[in-house]
Each structure stands twice: as C-alpha cells, then as structure tokens.
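Every number in this text was worked out from the coordinates using simple rules, so none of it is lab data. Only a predicted model underlies this, so the values are computations on that prediction, with no experimental measurement involved. Here the Cβ positions follow ideal geometry from the backbone for every residue, glycine too, while neighbour counts run over all protein chains shown.
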Amino acid sequence: MAYCSQANILNRLDEDTLIQLTDDDDLGVVDENIVTQAIADADAEIDGYCGKRYDVPFLTVPAIIEKISVDIAIYNLYARRKGAPEDREKRYQNAVKFLTNVSKGLISLGENDPNGGPSSGHEVSIDCNDPVFSRDDMESF
C-alpha cells in the first residue's frame, strides 16, 4: 500500500505541472505509471529511515508520513527533469531531516512507536537509603 496517491500530489501540485513532469510522450496527460514509480521510490526512502524503529511498510499510515511521501514523490518527479525548484528542494531536505530524526528516536510517529515515544537520550535514576527517622519518631520533638 502506497503512503500517498496521485490525488494527494494533485492537492499540492497543479495538473498542468504534473503533466509537464510526467508526459514523456507529449500526449497531454499525466503518465500514471511515472507518478506511481515516484511514489514507490519515495515510500522506499521513507521505509529505509523508519525501518530502523518501526515495522514497515506502515499498515496505518501516519499523516506526517503521507505528507512526507508527497513531498519526496514531487521532488522525485522534478528530478526526472532539470531539477527541483528551491522550495521543493527545501521540502525534500526537511523531509530527510525529519526521517533521520525518526530513525534516531528523536521524533516519534505516535502510537506505533516501539519505545512509546521519542527518547531523550538521558535516563535519570535515584537511589536512596531508607529514612533513619520516620514521621512517627519525630512527633515528640
């Protein structure tokens, strides 16, 4: 199951642009096979990062993973041509940074987190002896 769809991509990219990025045969339509491959490549990249901490592919796709899949798929589509515009490049870099932090355990994807949440990197432990005086012992003072 893909983490996003062509419809998700069209929510962030107009159809004319998507046609320009996929229509290698000059038919004037979106080549769905190219879109599907861009999404599959994006999802494989996501799984590469998230697979370190989560069971992938995700059965229930977190909303942030859907968004990242769209951003990476659009970047992949632009990469087929002359390269991505600056804003798409930045979205891709932010997606990779986010995924890197997920793989390190610095960011949690929510309820599916194998550790119950992001790790702080620090663990606190307090050891102490039993009290010498209790409240009852000190009552007469």
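Quick rundown of the values:
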| quantity | calculated |
| --- | --- |
| The stretch 96-113 - residue that is outside any helix (DSSP H, G or I) and either in contact (Cβ under 8 Å) with a residue 60 or more places away in the chain or within 11 Å of the chain's Cα centre (by Cα) (or both) and, of those, farthest from residue 14 (Cα to Cα) | 113 |
| Considering residues of the stretch 5-33 that are farther than 22 Å from residue 61 by Cβ and of a type in the set (Val, Ile, Thr) only, the residue surrounded by the most Cβ atoms within 10 Å (Cβ to Cβ) | 22 |
| Residue match in the stretch 70-93 (condition: touching a Leu at 6+ places or on another chain (Cβ under 7 Å), over 17 Å from residue 9 (Cβ atoms) and not charged (D, E, K, R)) | no |
| All helices (runs of 4 or more DSSP H) inside the stretch 1-95 with 1 or more residues being under 20 Å from residue 110 (Cα atoms) and among the hydrophobic types (A, V, I, L, M, F, W, C) | 32-50, 63-79 |
| Members of the stretch 34-73 found to be within 15 Å of residue 98 (Cα to Cα), free of Cβ contacts under 8 Å to residues at least 60 places away in the same chain and acidic (Asp, Glu), listed by number | 43, 45, 47, 71 |
| Single residue of the stretch 59-113 satisfying the filter (among the aromatic types (Phe, Trp, Tyr) and farther than 12 Å from residue 42 by Cα) that is surrounded by the fewest Cβ atoms within 10 Å (Cβ to Cβ) | 98 |
